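Engineer: My questions all concern the structure below.
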Amino acid sequence: MYKLLSHNDLDGIGCGIVAKMAFGDDVKVRYNSVQILDREVEKFLESGDLATELIITDLSVNEENEKRLEEFRKAGGKAVLIDHHKTALHLNEYEWGRVQVEEEEGRLASATSLLYRYLIDEGLLEPSRTADEFVELVRQYDTWEWEKNGNDKARQLNALFFLVSFDEFESMMLERLQEGGPFKFSPFEKKLLGMEDDKMTRYIRKKRREMVQLEADGLYAGVVHAESYHSELGNELGKDNPHLDYIVILNMGGRKLSFRTVHDDVDVSEVAGTFGGGGHAKASGASMSKEAFELYVSGSFQKDPLREDARHNRYNLKESQFGTIYRAPDGDLYYIHRNEEGRWSVERNGNVLDETYKTFREAEKALKREKGVWLLNDDQFVKFLMQRLEKAEQGS
Ligand SMILES: [Mn+2]
């Protein structure tokens with residue numbers, strides 16, 4: 001017998017599906033949140049069931065369970081932990097630890113792709129084209145490679161996973177994998193996915209207007225409360241607001257924090273680590289501790305949300321040779337433009353400020369961080385230029 005304890009996300013359930021392909025009814029699968037895994041591991045190890053092999057995927061264990069697992073192994077028990085989170089790399093010092101952030105080929109690993117490869121290598125599973133494709137979709141989704149590759153099918157697979165129950169998703173996928181052939185969605189699933197996309201777009205649009213900015217530990221965070229679409233939301237808000245180091249998504253009901261960043265030089269697994277959580281450089285999570293509550297919930301409650309930059313402008317464009325105008329919450333008007341030396345300078349209400357910047361991005365970043373400015377729309381831009389012209393004419 002096998003017991004699989006896995007994560008309760010797409011990559012985690014991907015492991016369950018791959019394990020069921022290999023072991024059929026000989027594997028008992030349980031999907032867990034990050035918070036609950038250690039309890040389940042402890043429960044299994046305390047039962048002293050040496051006849052059942054324990055497989056842990058997509059999650060790592062705490063120090064106590066590290067010791068328990070080692071004792072379990074020494075007592076003759078069989079266990080393996082397969083993970084791809086870099087915060088779990090220290091578990092490789094054990095015989096049962098198999099943590100790999102990257103696959104042999106150099107691309108990023110997911111727990112599903114690692115388990116699939118492991119089962120094939122151990123002679124426990126025959127690879128197939130459909131399974132290869134399914135595993136690759138899960139891997140691309142979990143590592144965000146789908147976005148770079150424009151692989152929308154990977155994103156849709158995750159959306160489908162959220163539309164049905166765990167059991168339903170498992171049996172739907174297992175059926176599809178047993179049928180063989182190319183991995184595809186049915187016309188009905190496609191229709192559902194289209195409706196779901198529209199719903200998500202509306203949700204993200206609403207959340208965009210609720211995000212608050214705050215500074216913590218020298219980093220700038222965008223803080224938003226949300227219970228759904230965390231990955232997509234974190235990514236959209238991050239791309240919309242490159243001046244922020246990371247986005248933190250608060251789920252009060254679940255008492256959880258999710259961290260996301262779009263920047264290569266920010267590591268949100270470190271931010272999560274300060275609250276006892278962990279994860280990847282670009283996506284991580286933690287439980288809502290008292291400290292996290294103080295900082296992100298209390299710290300943002302009294303603040304006004306960030307105003308969004310005007311969209312669909314034709315004239316008031318970033319990096320434009322005519323300059324770009326912004327408004328601050330206190331009503332001040334900021335004008336970023338290139339000066340004679342080719343540097344970017346800033347005017348506040350018509351007065352040139354001392355500091356200049358090498359790039360437009362740097363100038364905008366400073367204004368957005370320090371003043372909370374937003375890009376004005378074309379009407380306001382034209383009005384601004386007219387007034388400027390009038391003033392210049394009066395002056396001459
Ligand atoms: Mn994963």
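The values are calculated or read from the model by the stated rules, or taken from the named source; none is laboratory data. Keep in mind the model is a prediction, meaning the values are calculated, not measured. Glycine also receives a Cβ, built like all others from the backbone with ideal geometry; neighbour counts cover every protein chain displayed.
Engineer: Can you name every residue in the stretch 370-387 that is more than 18 Å from P242 (Cα to Cα) and in a loop (DSSP other than H, G, I, E, B)?
Structural biologist: Matches in the stretch 370-387: N377 only.
Engineer: Additional query: So which of G76, G97, G106, G123 ends up being more than 15 Å from D9 (Cα to Cα), crowded, with 19+ Cβ neighbours inside 10 Å and out of contact with any Pro (no Cβ under 9 Å at 6 or more places or on another chain)?
Structural biologist: G97
Engineer: If you take the residues in the stretch 100-159 that are among the β-branched types (V, I, T) and within 17 Å of the chain's Cα centre (by Cα), which one is farthest from A88 (Cα to Cα)?
Structural biologist: Among residues in the stretch 100-159 that are among the β-branched types (V, I, T) and within 17 Å of the chain's Cα centre (by Cα), the one farthest from A88 (Cα to Cα) is V138.
Engineer: Could you please let me know if R155 is closer than 24 Å to L108 by Cβ, at pLDDT 95 or above and of a type in the set (K, R)?
Structural biologist: No: the conditions fail for R155.
Results for (1) touching a helix residue (DSSP H, G or I) at 6+ places or on another chain (Cβ under 9 Å); (2) more than 25 Å from G14 (Cβ to Cβ), shown as yes or no for each residue.
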| position | (1), (2) |
| --- | --- |
| L174 | yes, no |
| P182 | yes, no |
| S186 | no, no |
| D197 | yes, no |
| K206 | no, yes |
| V212 | yes, yes |
| D217 | yes, yes |
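Engineer: Still on this structure: Having 1 or more residues that are under 30 Å from H225 (Cβ atoms) is the bar; report the strands (runs of 3 or more DSSP E) wholly within the stretch 304-369 that clear it.
Structural biologist: 324-327, 333-338
Engineer: Which numbered condition trips up L295, out of (1) without any contact (Cβ under 8 Å) to a residue 40 or more places away in the chain; (2) not in a loop (DSSP other than H, G, I, E, B)?
Structural biologist: The number of the failed condition is (1).
Engineer: Of the residues E236, E175, E232, E196, which is in contact (Cβ under 8 Å) with a residue 12 or more places away in the chain, farther than 26 Å from A272 by Cα and not in a strand (DSSP E or B)?
Structural biologist: Testing whether each residue is in contact (Cβ under 8 Å) with a residue 12 or more places away in the chain, farther than 26 Å from A272 by Cα and not in a strand (DSSP E or B) leaves just E196.
Engineer: Of the residues that make up the stretch 142-152, is at least one assigned to a loop (DSSP other than H, G, I, E, B) and within 16 Å of the ligand (Cβ to nearest atom)?
Structural biologist: Yes: the stretch 142-152 contains one or more residues that are assigned to a loop (DSSP other than H, G, I, E, B) and within 16 Å of the ligand (Cβ to nearest atom).
Engineer: Given the options M195, M173, M211, name the one that is outside the structural domain of C15 (by TED's automatic domain parsing) and farther than 30 Å from E294 by Cα.
Structural biologist: Every option except M195 fails the conditions.
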